[in-house]
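**Q** Quick one: the structure is below, and I'll ask about it shortly.
The values are calculated or read from the model by the stated rules, or taken from the named source; none is laboratory data. All values reported here derive from a predicted model rather than from experimental measurement. Here Cβ is always computed from backbone atoms with ideal geometry, including for glycine, and neighbour counts include all displayed protein chains. Calculation scope for accessible area: heavy atoms of the full protein, side chains included, ligands and nucleic acids excluded. Shrake-Rupley method; radii C 1.70, N 1.55, O 1.52, S 1.80 Å.
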Amino acid sequence: MTDKAEFMKSNLVKDFTKDIQQYNLGPLWEAIPEVMNKTPKPHAEAYLWSGELLKKKLSEAAQIFTPDRGGERRAIYFQNPGLTYRKPWGQVSTTQTLYAAVQLLQPGEEAPSHRHSQSALRFITEGTGAYTIVQGERIFMEEGDFLTTPKNLWHGHGHVGKEPMVWMDALDIPTIYSIGGTFFEPYEGGLQQPDVPDNFSEVRYRGGMVRPVGDGKFTVAPLANYKWNRTLDGIKGLMHFDPDPFNAYAVEYINPSTGKSANPTIGSRMTHLPKDFHTKAHRHTHSVIYCVHKGSGYTVINGQRFDWKKGDYFVVPNWAWHEHVASENSYLFSVNDIPIMDRFELEQEQELETNKGHQEITSEFKPDFR
Ligand code: GTQ
């Protein structure tokens, strides 16, 4: 018997491996270790973007893309440094499956309506007075609010207030792109005009756990705006109980009609870490994008320490060990791809068992700008 390793290095194998590629045929013996890893090995990397950098770049964008700019959305997305095979601006991916961005709308500005097959959600980080108009309903946004824009619904943005408005967008762009399901259509006539009272769905569905009987069962979340105070109230209720060792006090935004995630393909949460709370380390199949809403602290991801504070964004890739430590009372908004993993029955979780469930810190992440 020939030794396997020797055989694979032989000219016979090497020449044949090269030969078939000219016919657009591929050698599985080369590909297996690359694409069929023993456990998830995402190209997406753990990364952090500082709030200062984002503030600076959005204000520069405001000088360049002025109100007469033609109205395209002034959004700057988080390009994961590990997902850059498409040049020059990368794969438009923050994790393997999800995209996130920050968007700035100035008083008086408009972003024209359009619709697409990607699901979107927004988390409001700054300002007041802007609205998003979804299927003819103007939904006014304030700091801490969470909004869904279900796929294929017309949506645009307008601003009747006095201060700049900034929010986080999260969409399933990379997933829809990779499965070939992208549809996009601009709205004729720019920004859609309202045809129902402002904040209609927020008023009609504010009961949360009760729903108007006449409306039937929604597959898309009927509630368009999950107000900050209600989220906070949910967390306060949880605080009568012991915190979860991995998630502290975390709530998930759900579709009140079905109990499932508010967006069918993107999970979203608000996590409260009390001052000095230290979660235990675990890893899971799904990936997470965090927006630091309030407070400061750090997260250890695969042994690397990422210090964060209000306004920062960071990524925990698939199957990466991670644990959070809060230096102040902190609130982290996050989006994840649990609904996508669940669709494929791939979600798994593992707890770190060594060192009382904590990682050793081996390096510190230095953001480009701080
Ligand atoms: O505001 O509708 O960041 O359609 C990416 C795609 C924002 C939006 C994004 C979008 C939007």
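**Q** Have a look at Leu332, Leu352, Leu191 and tell me which one the Gaussian network model of the chain (Cα, springs below 10 Å) gives the largest fluctuation.
**A** Looking only at Leu332, Leu352, Leu191, the biggest GNM fluctuation is shown by Leu352.
**Q** For a distance above 11 Å, tell me the whole-number percent of Cα pairs in region 44-86 that qualify.
**A** On the way: 651 of 903 pairs.
Every Cα pair in region 44-86 considered, those over 11 Å come to 72 percent.
**Q** Here's a follow-up. Please calculate how many Å² of accessible area the chain carries per residue, with a 1.4 Å probe and no DNA, RNA or ligand atoms counted. Can you show the working numbers first?
**A** On the way: 19430 Å² over 370 residues.
Per-residue value: 53 Å².
**Q** Continuing with the same structure: What is the distance in Å between the Cα centres of region 1-50 and region 272-289?
**A** Spelled out, the Cα-based centre of one part sits 34 Å from the other.
**Q** Along the Cα→Cβ direction, 7 angstrom out, place labels at Leu12 and Asp68. What is the inter-label distance in nm?
**A** In this crude label model, Leu12 to Asp68 measures out at 7.4 nm.
**Q** Report the full-extension gain for the segment Lys236 to Glu126: residue separation times 0.36 nm, less the Cα-Cα distance, to one decimal in nm. Walk me through the numbers on the way to the answer.
**A** Values: separation 110, 0.36 × 110 = 39.60 nm, distance 2.28 nm.
Stretched out fully, the Lys236 to Glu126 stretch lengthens by 37.3 nm.
**Q** With a 1.4 Å probe and all protein chains left in place, how much of the accessible area of region 229-370 comes from carbon and sulfur atoms, in whole percent? All intermediate terms of the calculation are to be shown ahead of the outcome.
**A** Values: 3220 of 6700 Å².
Carbon and sulfur together cover 48 percent of it.
**Q** At a Förster radius of 41 Å, what calculated FRET efficiency corresponds to the Cβ-Cβ distance of Arg305 and Val213, to the nearest 0.05?
**A** On the way: r = 52 Å, r/R0 = 1.27.
Efficiency at R0 = 41 Å is approximately 0.20.
**Q** Same structure again: Give me the orientation-averaged projected area of the Cα convex hull of region 215-370, in nm², one decimal. It would help to have the intermediate numbers written out before the result.
**A** Working: hull surface 41.5 nm².
Hull-based average projected area comes out at 10.4 nm².
**Q** Report the residues of region 305-325 in range of a label on Glu364: point 7 Å along Cα→C-beta, backbone N strictly under 16 Å from it.
**A** Residues 305-309, 325 fall inside that zone.
**Q** Suppose every K and R has +1 on its Cβ and every D and E has -1 on its Cβ; what is the size of the dipole of region 217-299 about the Cα centre, in Debye to the nearest 20? Kindly include the intermediate steps, with their values, before the conclusion.
**A** Details: 10 positive and 5 negative charges, 38 e Å.
Using only the charged Cβ atoms, the result is roughly 180 debye.
**Q** Scaled to the compact-protein estimate 2.2 N^0.38 Å, what is the alpha-carbon radius of gyration of region 1-151, rounded to two decimal places? Numbers along the way, then the final one.
**A** On the way: Rg = 23.6 Å, N = 151, 2.2 N^0.38 = 14.8 Å.
Region 1-151 yields a ratio of 1.59.
**Q** Percent of Cα-Cα pairs more than 15 Å apart in region 182-241, please.
**A** 68
**Q** Right, here's the next one. Once ligands and nucleic acids are excluded and a 1.4 Å probe is used, how much of Lys55 is accessible, expressed in Å² to the nearest 10?
**A** For Lys55, solvent-accessible area is about 130 Å².
**Q** Report the residue, chosen from Tyr187, Tyr23, Tyr290, that carries the largest GNM mean-square fluctuation when the chain is represented by alpha-carbon nodes joined by springs under 10 Å.
**A** Its mean-square fluctuation being the largest, the pick is Tyr23.
**Q** Can you sort Lys4, Lys294, Lys162 by 1.4 Å-probe accessible area, starting with the largest? Don't skip to the end; give the middle numbers.
**A** Numbers: Lys4 155, Lys294 75, Lys162 190 Å².
Putting Lys4, Lys294, Lys162 in descending order of accessible area: Lys162, Lys4, Lys294.
**Q** Follow-up. Go ahead and run the numbers for FRET between Ser296 and Thr84, Cβ-Cβ distance against an R0 of 45 Å, rounding to 0.05.
**A** Working: r = 30 Å, r/R0 = 0.66.
Result of the calculation: an efficiency of 0.90.
**Q** What's the magnitude of the charge dipole for region 1-126 around its Cα centre, counting Lys and Arg as +1 and Asp and Glu as -1 at the beta-carbon? Answer in Debye, nearest 20. If you can, show how the numbers build up before the last one.
**A** Working: 16 positive and 14 negative charges, 19 e Å.
Here region 1-126 has a charge dipole of around 100 debye.
**Q** Would you kindly compute the Cα radius of gyration of region 122-205 and its largest Cα-Cα separation (Dmax), both in Å?
**A** Answer for region 122-205, Rg first and Dmax second: 13.8, 41 Å.
**Q** Connecting C-alpha atoms closer than 10 Å in a GNM of the chain, tell me which of Asn225, Asn152, Asn37 has the biggest fluctuation.
**A** Asn37
**Q** According to the Kirkwood expression over distinct Cα-Cα pairs, how big is the hydrodynamic radius of region 243-287, in Å?
**A** Details: mean 1/r = 0.0828 Å⁻¹.
One decimal place: 12.1 Å for the Kirkwood radius.
**Q** Given Ile301, His278, Asn247, which one lies farthest toward the positive end of the charge dipole of region 178-327, if we put +1 on the Cβ of every Lys and Arg and -1 on the Cβ of every Asp and Glu?
**A** His278
**Q** Okay, moving on. Do any GluC sites (Glu not before Pro) in region 272-370 lie in a DSSP loop with no more than 13 other beta carbon atoms within 10 Å, and if so, which? Could you put the intermediate results ahead of the total?
**A** On the way: sites: Glu323, Glu328, Glu345, Glu347, Glu349, Glu351, Glu353, Glu360, Glu364; in loops: Glu328, Glu345, Glu347, Glu353, Glu360.
In loop regions of region 272-370 (DSSP not H, G, I, E or B), the sparsely surrounded GluC sites (Glu not before Pro) are Glu345, Glu353, Glu360.
**Q** Do you know the relative contact order of region 12-115, to the nearest whole percent, from alpha carbon pairs under 8 angstrom that are 6+ apart? Could the numbers behind the result be given before it?
**A** On the way: 84 pairs, mean separation 25.0, N = 104.
Relative contact order of region 12-115: 24 percent.
**Q** Could you run the Karplus curve 6.51 cos²θ - 1.76 cosθ + 1.60 with θ = phi - 60° over region 334-340 and give me ³J(HN,Hα) per residue in whole Hz, x for Gly and Pro?
**A** So the J values, rounded to whole Hz, are 8, 10, 8, 10, 4, x, 6.
**Q** Among the lysines, which have Cα under 19 Å from the Cα of Lys294 when same-chain residues fewer than 8 positions away are ignored?
**A** Cross-link targets: Lys55, Lys227, Lys236, Lys275, Lys309, Lys310.
**Q** While we're looking at this one, here's another question. How about Lys14: which lysines have a C-alpha closer than 17 Å to its C-alpha, ignoring those fewer than 8 places off in the same chain?
**A** Lys4
**Q** Let me ask something else. Ignoring ligands, DNA and RNA, what percent of the accessible area of region 56-147 is carbon or sulfur (1.4 Å)?
**A** Whole-percent figure for carbon plus sulfur exposure: 53.
**Q** Compute the projected area of the convex hull of the Cα atoms of the chain, averaged over all viewing directions, and report it in nm² to one decimal place. Working shown, then result.
**A** Working: hull surface 94.8 nm².
Result: 23.7 nm².
**Q** Rounded to two decimals, what ratio of Rg to Rh does region 155-264 give with C-alpha atoms and a Kirkwood Rh? Could you put the intermediate results ahead of the total?
**A** On the way: Rg = 17.6 Å, Rh = 17.5 Å.
Result for region 155-264 is an Rg/Rh of 1.01.
**Q** Restricting to Cα atoms and excluding each atom paired with itself, what does the Kirkwood estimate give for region 267-358 in Å? Could the numbers behind the result be given before it?
**A** Working: mean 1/r = 0.0747 Å⁻¹.
Kirkwood hydrodynamic radius for region 267-358: 13.4 Å.
**Q** About its Cα centre, what dipole magnitude does region 63-138 give when the only charges are +1 on Lys and Arg Cβ and -1 on Asp and Glu Cβ, stated in debye to the nearest 20? Present the calculation step by step, with values, prior to reporting the outcome.
**A** Working: 8 positive and 6 negative charges, 63 e Å.
In debye, rounded to 20, region 63-138 gives about 300.
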